[in-house]
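What follows is a single structure, written as structure tokens, with notes after it.
The values are calculated or read from the model by the stated rules, or taken from the named source; none is laboratory data. Just so you know, these numbers come straight off a predicted model, no measurement behind them. No Cβ is skipped: glycine too gets one built from the backbone with ideal geometry, and neighbour counts run over all protein chains shown. The protein model used for the area step is the full one, side chains on, heavy atoms only, and it has no ligands, DNA or RNA in it. Shrake-Rupley method; radii C 1.70, N 1.55, O 1.52, S 1.80 Å.
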Amino acid sequence: MENPGSSIIAAFGVGNGVNFSQLATDLAEASFGFRREQLETRNEALEARISAASLLRSSLTNLASSLGDRIRTGDVASKAQIGNSAVAEVISLPGTSPEGTYSLEVSQLAREQLLISPSFANAEDPVGEGTLRVRFGNVDGAAFAEDAASTPLEITIEASDTLETLAGKIASASGGALDAYVAQGTSGAQLVIKGSEGAANGFVIEGESSAASPTATPGDLSYLSWQPATDTGQLRQTSQDALFSLDTVPMSSSSNTVTGLPEGMTLELTGTNTGAPTQISFSNDTSAISSVMRDFVSALNEIATVLNESAAAQGGELGSDSGARELKRDLARLTTEIVMPGAQDGEPQTLSDIGLSFTAEGTFTFDDDRLNSALSDSPDGVSAMFTTGPFGLFATIDNLARSNTTIGDPGSLGGSVTRYEDQIERNEDRLERIAEQQERLRERLSTNLFAAERTVASSQSTLSFLQAQADANQSR
């Protein structure tokens, strides 16, 4: 902002024409501009280093993550095979790699209770006012053993309720434990009620009529009551557990979906095979390993290319970065590092054994023939490298990504990013102090120059007066 005193002096024609306010600004800028430009240039270089290191970090993390997903759930994931597919479907939980073989013999499938009500003329017939109670437990012949852990349903039935609306109330009140609908058959409209799978999920129906004298006829709620001891054909199917043996060990399940089994596998039981056990086995799809390796090498070379460019001694953003140098060393020894320390004689131990090579240019190549030879000689040994266990391809790349991206290690890329960010923060603090110092100098110069301007203006006025006096004396 221009000094107002300077403007006044200039207006009276006594100034020397110099803008002292701008002069003060220019002098202050000249005093601190070089230091500020140096710091700003350093920050630009640091930002470029952070960008390059962050790109490498994210690329490593993405490679490890993608490889893990491919091995856990992709085309090389361990897949189940069962000799008799009519007996069960075998499902592996995501993130597990089941191994081994198991025998399975299913003698009984789980099923639900199926109950049909006595007939009504049609679905819109009233069922009678009162309370419909459903109790759960085990129905065995004419006996019923209530399950104390299951809360009975208490359903209020209004005078306006029909067979159709009653079906909806049962399904809603049970929260999915019961399914109910009205079937219009040759005998009239009948309420169909299905329970859940499992022996303990049987049920009885108690219709408590509000009528003074229940008649147990259509239109009176007691007509819908059912007990196994008085069954007259309404019970069409009893509930039961699934019974099976896994490796000859007898087991049971209230559902045909069986969980909690070894290796994290789940069985969907679909049929029985009493007396004829079937085999369950797990294996990797070795035919897909070649495809995984080609994709892996392609992604690895993208990282290597970025690293070689950014860590170049001349012009590379990370040319002197310790984290980039460490990553270079890690990649150079990747192919010869033992990734399967427990491998037997003749089984692959290194990634080089399955076709991965490191070139003098700092990139990778893949030999498909060498992989095929290893698969031919030791298919199980190669497959073992493509699991999510503590050893193998994924564990090696995951460890490489973690060790090179952790922010707590000053020798890693993560440590480099932290170090550069700290340097930028310190430079920003210096720039703030420089701006404050520059402003104080500008204010001081502005004040001093304005004072000098007034002195010069006063001297010029005196000189003009004296000159006028001298001119007057000469003319006399």
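A few points about this structure:
- Net lengthening on full extension, Thr232/Ser322 (0.36 nm per residue, minus Cα-Cα): 23.8 nm
- Cα-based convex hull, region 222-371, per residue volume (Å³, whole number): 270
- Computed label-point distance, nm, for sites Glu89 and Ala143 using a 7 Å Cα→Cβ extension: 3.8
- Taken as Cα centroids, region 310-387 and region 215-243 sit 70 Å apart, rounded to the nearest whole angstrom.
- If the convex hull is drawn through the Cα atoms of region 244-302, its volume per residue in Å³: 137
- Listed residues Gly355, Phe450, Leu371: farthest to the positive end of the dipole of region 322-458 (Cβ charges): Phe450
- A convex hull fitted around the alpha carbon atoms of the chain yields 328 Å³ per residue.
- Applying 1/(1 + (r/R0)^6) with R0 = 45 Å to the Cβ-Cβ distance of Asp345 and Arg294 gives a FRET efficiency near 0.95.
- Judged by the mean number of other Cβ atoms found within 10 Å, the most tightly packed of the peptides 311-319, 55-63 leads the ranking 55-63, 311-319.
- More than 25 angstrom apart: percent of Cα pairs within region 122-229: 19
- Simple label model, 7 Å out from Cα along Cβ direction - Glu29 to Ala332, nm: 5.0
- For region 314-421, trypsin sites (Lys or Arg not before Pro) meeting the loop criterion (DSSP other than H, G, I, E, B) and having at most 16 other Cβ atoms within 10 Å: Arg333.
- Its DSSP H runs of at least 4 residues, each contributing -39,500 (n - 2.57), put the calculated 222 nm mean residue ellipticity of the chain at -14500 deg cm²/dmol, to the nearest 500.
- Working value for region 294-404: equivalent-ellipsoid semi-axes of 28, 15, 10 Å, each the square root of 5 times a Cα gyration tensor eigenvalue, largest first.
- Measuring with a 1.4 angstrom probe and ignoring ligands and nucleic acids, Ser213 comes out at about 90 Å² accessible.
- Per-pair calculated FRET efficiency, R0 = 35 Å: Ser255 and Thr156 via Cβ, rounded to 0.05: 0.70
- Over region 254-412, accessible surface divided per residue gives 46 Å², non-protein components excluded, 1.4 Å probe.
- Dipole magnitude of the chain, debye to nearest 20 (Cβ charges: Lys/Arg +1, Asp/Glu -1, about Cα centre): 1940
- Each of Gly315, Thr230, Thr387 was scored by the projection of its Cα onto the charge dipole of the chain, and the greatest displacement toward the positive side belongs to Gly315; charges sit on the C-beta of Lys, Arg, Asp and Glu.
- Residue-count net charge about Asn372 - beta-carbon cut-off 14 Å; Lys, Arg +1, Asp, Glu -1: -3
- Dipole magnitude for region 249-328: computed about the Cα centre from +1 point charges on Lys and Arg Cβ and -1 point charges on Asp and Glu Cβ, it is near 220 debye.
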